[in-house]
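Here the structure is laid out as structure tokens; the discussion comes afterwards.
Coordinate-derived values only; no laboratory data. For clarity, every value in this text was computed on a predicted model and none was experimentally measured. Don't worry about glycine lacking a Cβ; one is built from the backbone with ideal geometry, like all the others, and counts go over all protein chains shown.
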Amino acid sequence: MKYQIEPIGIIHSPYKEKFGIPRQPGLIKEARAQLVLSPPYNRPEAVVGLEGYSHIWIQFVFHQAIRSEWQPMVRPPRLGGNKRVGVFASRSPFRPNPIGLSVVKLEGVRCENGEVILDLSGIDLLDGTPVIDIKPYVVYVDSIPDACSGFAPVAPAVKYTVDFSERARKQLLARQDSAQLEAFITHLLETDPRPAYSGEPDPGRVYGILLYDFDLRWEIVADRIIVCELAEVESD
């Protein structure tokens, strides 16, 4: 039997491309996003009582990871991108059904101008991600302190200190909520967002990540990441 699932809303996040998105939710608490519910699910009564929960589960579609065929084994970034494990022993987006699950912090619930908006943080979702369900996070059943986490027992280690060039610092201070944005960028870069198979960084290479409305450009120098600039995104 086949089932038809319809999205109930869309994520608006700072991540404009897959590169740079944290591999798990909650790793970057400053990553803010909004979930805007779509008709006919944008009725205020559908979220009555949700504000009493600090966190929610979001079920979503990996809409940019859809493939015509699935593979039974994948290469998790946590294992360096070389060792294979079963797809069901991973959180890879390349799955038989491209459905993901994230637990995120619920910062607030708003009903404005006919829209129902959930303000979120700790997000790990691409801008435009279709959401198929929301469930409240219930501490006494969803938190299991003595659980075993296989090949990912602890959070990724910090690899680099992050500094801002004079140019990047000026651009940062010119933006609203610059302190939150600085913390977001710092935590995004310090664990090295490059693919696990990248190896040692190329001297002098400038990397880029599309965030919000700018292109974050940075380079790796020894044990430091230098943010070069928050460059304007060129229009097509």
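Below, the figures for the structure above:
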{"quantity": "Percent of beta bridges antiparallel (DSSP, segment 161-232, rounded to nearest 5)", "calculated": "75 percent"}
{"quantity": "Zone residues, segment 65-95, relative to C148, backbone N less than 17 Å from point 7 Å out along Cα-to-Cβ", "calculated": "86, 89-90"}
{"quantity": "Amide H within-cut-off set for R23, under 5 Å, with H built and near neighbours excluded", "calculated": "none"}
{"quantity": "Listed residue pairs exceeding 31 Å between alpha carbons, taken from K18/K159; K83/K170; K135/K170; K29/K170; K2/K83", "calculated": "K83/K170; K135/K170; K2/K83"}
{"quantity": "Under 13 Å from the Cα of K105 - aspartates and glutamates, other chains or at least 8 residues apart", "calculated": "E30, E51, D119, D124"}
{"quantity": "Per-q log10 I(q)/I(0), segment 9-142, q = 0.10, 0.16, 0.19 Å⁻¹ (Debye; single scatterer per alpha-carbon; no solvent)", "calculated": "-0.35, -0.85, -1.13"}
{"quantity": "Alpha-carbon gyration tensor eigenvalues x 5, square-rooted, for segment 161-232, Å", "calculated": "21, 12, 11"}
{"quantity": "The chain - mean residue ellipticity at 222 nm from DSSP helices (-39,500 (n - 2.57) per run, n ≥ 4, rounded to 500)", "calculated": "-3000 deg cm²/dmol"}
{"quantity": "Under the Karplus curve 6.51 cos²θ - 1.76 cosθ + 1.60, θ = phi - 60°, whole-Hz ³J(HN,Hα) for segment 17-30, x wherever Gly or Pro sits", "calculated": "8, 5, 4, x, 5, x, 7, 9, x, x, 6, 10, 5, 7"}
{"quantity": "Residue-wise HN-Hα coupling along segment 102-111, computed from phi with Karplus coefficients 6.51, -1.76, 1.60 (Hz; x: Gly, Pro)", "calculated": "9, 9, 10, 7, 8, 7, x, 10, 10, 10"}
{"quantity": "Amide H partners (placed H, <5 Å) of M73, local residues excluded", "calculated": "V87"}
{"quantity": "In order through segment 189-206: 3J(HN,Hα) via Karplus (6.51 cos²θ - 1.76 cosθ + 1.60), integer Hz, x for Gly, Pro", "calculated": "8, 5, 9, 6, x, 5, x, 4, 7, 5, x, 5, x, 7, x, x, 6, 9"}
{"quantity": "Kirkwood Rh in Å, taken over the chain so that all alpha-carbon pairs contribute", "calculated": "19.5 Å"}
{"quantity": "Long-range HN-HN contacts of Y212 with modeled amide H, under 5 Å", "calculated": "Y15, K16"}
